[in-house]
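Q: Supplied in structure tokens, the structure appears directly below.
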Amino acid sequence: AIEDAEKLPLVEKRKAGEPVAKGWQPSWVQAHGIMLVAMLFYATWNVVSKLVGESSVSWLAFVFFRMLGAFTVFVFLQCTCAPWQCFLAELKANFHRYAMMGLMLCCCQLTFLAGITLTSPTTMAIFVCLEPLMAALLGFISGMEDSSRLPRRLLSAVVAGVGVAVIFSGHEGKLNLPMHLLPKEDGKNLVHPIGCGLLLVHVVCEIFYYLIQTKLFEAGSSTRTPLLVTTCACGCAMPIYLLLVMLNVLVMPVDPRLTSFADMSASFSKHPAHGLSPLAGLVYAILFVSIISFLLTAMANKRLEAFEIIMYQAAQLPVTAVMSVLLLGEHMTRYLVIGAVLICGALFL
């Protein structure tokens, strides 16, 4: 298994519509079904995050513990399913790719959290609308996806973007963002060039994360499972998260709520006066968002390409809105119905 992981080439191309690796392969229907399940977990997290009460939890500490918990579980599962030497051999053989994926993962999460605090909900909505279009263009420009599909994907991206815009226009800027990260309505968090740049970096990093993951699966290795790829990527991301936390505490407090290592853990133990505790939100995020959803997305990525994975980011909006109607008693509007129809149509273009 170790020799197989080391010797197989990484540039073996596949024909359009063919699966991207040996071993078990999801069909086209199964891959989309897997993405629908992953999207449900993401959408549920958007609703659960609104139920978490106010606390002093640092956003940097939250992301750090979320990824630390997920990586610990990934390593345990990987060592249970295969010899630990396979993990080290795979990481050594493709270190530059996994290091890039780890960097993309860190930048994707942190730039999003920082970007939404410096911009308005309207600005964030614009970037969500543009994300499918940027995914189609970057996949073509980088040469990492089939250029013959570009016209159809551009049409699909435009339709999805219009659907996202319709949903946002009907919600009047009331977005379902991760807990305590929605810009305050005090006139201070206005559109800022730095925030726009951070959101742009977030979109680009998310796209390239899935582009690189697709290339890894294209090698055709039976040992390169979704669990192994995700474990290696998170393993390369953890040192970056740890470095950022140490710099924030010891050098420059970018996040003022993270002032000491003791506060990182103590803030999760405090139960707010109303709503769920931050610890409950963290546990849900680790189990369902960072572990199950990451693995499901990687499984679907064996059949679907990066652009198709990104398209499901837009599909989170109508699903989150519907779940908010069912669980939080929010009202369903005609904008939601129209936007959902457009996004669903874009997925099948």
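The values are calculated or read from the model by the stated rules, or taken from the named source; none is laboratory data. Quick caveat: nothing in here was measured; it's all calculated off a predicted structure. We place every Cβ from the backbone using ideal geometry, glycine too, and count neighbours over all the protein chains shown. Heads up: the accessible areas ignore ligands, DNA and RNA and are worked out on the full protein's heavy atoms, side chains in. Shrake-Rupley method; radii C 1.70, N 1.55, O 1.52, S 1.80 Å.
Q: Here are the criteria: (1) touching a Phe, Trp or Tyr at 6+ places or on another chain (Cβ under 7 Å); (2) surrounded by fewer than 21 Cβ atoms within 10 Å (Cβ to Cβ); (3) modelled with pLDDT of 80 or more; (4) more than 23 Å from A38 (Cβ to Cβ). Tell me which single one V249 does not satisfy.
A: (3)
Q: Let me ask something else. Could you tell me which numbered condition L182 fails, if it satisfies all but one of (1) open to solvent by less than 70 Å² (accessible area, probe 1.4 Å); (2) at pLDDT below 80?
A: Result: L182 fails condition (1) only.
Residues checked against (1) more than 20 Å from E206 (Cα to Cα); (2) free of Cβ contacts under 8 Å to residues at least 24 places away in the same chain; (3) aliphatic (A, V, I, L, M):
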residue	(1), (2), (3)
P132	no, no, no
F140	no, yes, no
G143	no, yes, no
L150	no, yes, yes
L154	no, yes, yes
V158	no, no, yes
G161	no, no, no
F168	yes, no, no
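Q: Follow-up question, since we're still on this one. Say we look at the range 104-127 and pick out the residues that are at pLDDT 80 or above and open to solvent by 30 Å² or more (accessible area, probe 1.4 Å); which of these is farthest from Q316 (Cα to Cα)?
A: It comes out as C107.
Q: For A89, are the conditions met, namely being over 25 Å from the mean Cα position of the chain (by Cα), at pLDDT 85 or above, hydrophobic (A, V, I, L, M, F, W, C) and part of a helix (DSSP H, G or I)? Break it down stepwise before answering.
A: On the way: over 25 Å from the mean Cα position of the chain (by Cα): yes; at pLDDT 85 or above: yes; hydrophobic (A, V, I, L, M, F, W, C): yes; part of a helix (DSSP H, G or I): yes.
The answer is yes for A89.
Q: Continuing with the same structure: Every residue in the range 301-336 that is open to solvent by 10 Å² or more (accessible area, probe 1.4 Å) and β-branched (V, I, T), please.
A: V319, V322, V325, T333, listed by residue number.
Q: Kindly indicate which of L155, L227, L199, L190 is modelled with pLDDT of 85 or more and surrounded by fewer than 17 Cβ atoms within 10 Å (Cβ to Cβ).
A: On the way: L227 fails: surrounded by fewer than 17 Cβ atoms within 10 Å (Cβ to Cβ); L199 fails: surrounded by fewer than 17 Cβ atoms within 10 Å (Cβ to Cβ); L190 fails: modelled with pLDDT of 85 or more.
On inspection, the qualifying residue turns out to be L155.
Q: State which residue is nearest to V322 (Cα to Cα) when the search covers only the range 38-71 and only residues that are open to solvent by 60 Å² or more (accessible area, probe 1.4 Å) and in contact with a helix residue (DSSP H, G or I) (Cβ under 9 Å, 6 or more places away or on another chain). Explain how you work it out, then say what you get.
A: Our first condition is that a residue be open to solvent by 60 Å² or more (accessible area, probe 1.4 Å); within the range 38-71, this holds for 40, 50-51, 54, 68.
Pick out the ones that are also in contact with a helix residue (DSSP H, G or I) (Cβ under 9 Å, 6 or more places away or on another chain) and you get 40, 50-51, 68.
Values: L40: 11, K50: 14, L51: 16, L68: 31 Å.
For the range 38-71, the residue satisfying everything is L40.
Q: Something else about it: Filter the range 203-224 for residues that are open to solvent by 30 Å² or more (accessible area, probe 1.4 Å) and of a type outside the set (V, I, T); which is nearest to the chain's Cα centre (by Cα)? Outline the logic, then answer.
A: Our first condition is that a residue be open to solvent by 30 Å² or more (accessible area, probe 1.4 Å); within the range 203-224, this holds for 204, 208, 222-223.
Those left that are additionally of a type outside the set (V, I, T): 208, 222.
Values: F208: 12, S222: 25 Å.
Among residues in the range 203-224 that are open to solvent by 30 Å² or more (accessible area, probe 1.4 Å) and of a type outside the set (V, I, T), the one nearest to the chain's Cα centre (by Cα) is F208.
Q: Go through the range 315-342 and give me each residue that's in a loop (DSSP other than H, G, I, E, B) and free of Cβ contacts under 8 Å to residues at least 12 places away in the same chain. Break it down into steps so the answer makes sense when it comes.
A: Residues of the range 315-342 in a loop (DSSP other than H, G, I, E, B): 329-333.
Matches in the range 315-342: G329, E330, H331, M332.
Q: Within the range 74-84, can you find the residues that are among the hydrophobic types (A, V, I, L, M, F, W, C) and buried (at least 18 other Cβ atoms within 10 Å of the Cβ)? First the steps, then the outcome.
A: Going through the range 74-84, the residues among the hydrophobic types (A, V, I, L, M, F, W, C) turn out to be 74-77, 79, 81-82, 84.
F74 - this is the single residue of the range 74-84 that is among the hydrophobic types (A, V, I, L, M, F, W, C) and buried (at least 18 other Cβ atoms within 10 Å of the Cβ).
Q: Would you tally the residues in the range 89-103 being open to solvent by less than 80 Å² (accessible area, probe 1.4 Å) and out of contact with any Lys or Arg (no Cβ under 8 Å at 6 or more places or on another chain)? Step through it out loud before you land on a result.
A: Keep residues of the range 89-103 that are open to solvent by less than 80 Å² (accessible area, probe 1.4 Å), which gives 89-91, 93-94, 97-99, 101-103.
Next, from what is left, pick out any that are out of contact with any Lys or Arg (no Cβ under 8 Å at 6 or more places or on another chain): 89, 91, 93-94, 98-99, 101-103.
The total comes to 9.
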